[in-house]
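**Q** Here it is, the structure in full.
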Amino acid sequence: METLRRLIREVPDFPKPGILFYDITTMLKDRDGLKGVIDALQRRYARVKVDLVLGIEARGFIFAPALAYTLGAGFVPVRKPNKLPARTVREEYLLEYGADSLEIHADAIRPGQSVLIVDDLLATGGTAAAVARLVKRLGGEVAGLGFVVELNFLKGREKLAGYDVFSLLQYDK
C-alpha cells in the first residue's frame, strides 16, 4: 500500500486555505497504481457474495465498474439528482452547511441482492451512509463499503457503524 500512497499527490491549501487535498489523479495515470487499487479491492472482496457494485458519482465511477468486472458482478451508478433517465429513488443527506441528495434507479436493486458500495474517499461518511440507506430502501443487503482513501480524522466510520468498512489507505491529518 505504501507504493500506492507514494503515487498520491498532496496539494496544500486546496480547495481553500488550510486544507490538504489528496489528489488521486496522479495514482490513476500510473498503470501500476490503477491496477494496484483494483487488484487490492478485488482481493478484499473476492470471497464476499457481491451481486452488484454501486459506484458513487463521480470518482466512484472510476473504480466500481472495474471492480464489478473482476468480481463477476453488475455495476450500478449512484448519481446526483436529475441525471438518471428512468424512475429514481432519492436520498438526502446533510452537509456541513446545507443538504445534498443522490439518486439511484428504482429498479436497480432487487430485494435480497448483495451490494458493495465503492467510492474513492471516505471523509465524513454522509454520502456513503446515504447510499447505504438507498440500498436498504430498495431491499438490498449492504455487503460492504470499500474506499481507496480514508481521512480518519473526519471520523466517517462513525456514520457507517454496523457495516463492513474497508479502505486501502488511511490518513490521520
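**Q** Report, by residue number, each residue of the range 161-172 that is among the aliphatic types (A, V, I, L, M) and not in a loop (DSSP other than H, G, I, E, B).
**A** Val165, Leu168, Leu169
**Q** Of all residues in the range 139-152, how many are farther than 10 Å from Gln170 by Cβ and either of a type outside the set (Val, Ile, Thr) or under 10 Å from the mean Cα position of the chain (by Cα) (or both)?
**A** The number of residues fulfilling the criteria is 8.
**Q** While we're here: Do you know which residues across the range 97-118 are surrounded by fewer than 20 Cβ atoms within 10 Å (Cβ to Cβ), in contact (Cβ under 8 Å) with a residue 40 or more places away in the chain and either in a helix (DSSP H, G or I) or of a type in the set (A, V, I, L, M) (or both)?
**A** Correct list: empty.
**Q** Mind checking whether some residue in the range 70-79 is exposed (fewer than 11 other Cβ atoms within 10 Å of the Cβ) and either closer than 25 Å to Val148 by Cβ or touching a strand residue (DSSP E or B) at 6+ places or on another chain (Cβ under 8 Å) (or both)?
**A** Yes - at least one qualifying residue is present in the range 70-79.
**Q** Being closer than 28 Å to Asp172 by Cβ and assigned to a strand (DSSP E or B) is the requirement here; does Phe21 meet it?
**A** Here the answer is yes, as Phe21 does meet what is asked.
**Q** Let me ask another. So which residues in the range 1-10 are free of Cβ contacts under 8 Å to residues at least 40 places away in the same chain and exposed (fewer than 13 other Cβ atoms within 10 Å of the Cβ)?
**A** Those that are free of Cβ contacts under 8 Å to residues at least 40 places away in the same chain and exposed (fewer than 13 other Cβ atoms within 10 Å of the Cβ): Glu2, Thr3, Arg6, Arg9, Glu10.
**Q** Here are Leu121, Leu145, Leu134: which of them is in a strand (DSSP E or B), of a type in the set (A, V, I, L, M, F, W, C) and over 16 Å from Val50 (Cα atoms)?
**A** Among Leu121, Leu145, Leu134, only Leu121 is in a strand (DSSP E or B), of a type in the set (A, V, I, L, M, F, W, C) and over 16 Å from Val50 (Cα atoms).
**Q** Hey, Glu158 hits all of (1) assigned to a strand (DSSP E or B); (2) under 30 Å from Met1 (Cα atoms) but one; which does it fall short on?
**A** Only one criterion in (1) assigned to a strand (DSSP E or B); (2) under 30 Å from Met1 (Cα atoms) is unmet by Glu158, namely (1).
**Q** Report yes if some residue within the range 32-46 is part of a loop (DSSP other than H, G, I, E, B), charged (D, E, K, R) and surrounded by fewer than 18 Cβ atoms within 10 Å (Cβ to Cβ); otherwise report no.
**A** Looking for residues that are part of a loop (DSSP other than H, G, I, E, B), charged (D, E, K, R) and surrounded by fewer than 18 Cβ atoms within 10 Å (Cβ to Cβ), one finds none in the range 32-46, hence no.
**Q** Just the residues that are under 22 Å from Phe147 (Cα atoms) and not charged (D, E, K, R), please, taken from the range 80-106.
**A** Across the range 80-106, the qualifying residues are Tyr93, Leu94, Leu95, Ser101, Leu102, Ile104.
**Q** Also, quick follow-up: If Lys49 satisfies every condition in (1) crowded, with 21+ Cβ neighbours inside 10 Å; (2) more than 19 Å from Leu4 (Cβ to Cβ); (3) in contact (Cβ under 8 Å) with a residue 40 or more places away in the chain but one, which is the exception?
**A** Failing condition for Lys49: (1).
FYI, it's all coordinate maths here, none of it is from the lab. These figures come from a predicted structure and were not determined experimentally. Glycine gets a Cβ as well: all are built from the backbone with ideal geometry, and neighbour counts include every protein chain shown.
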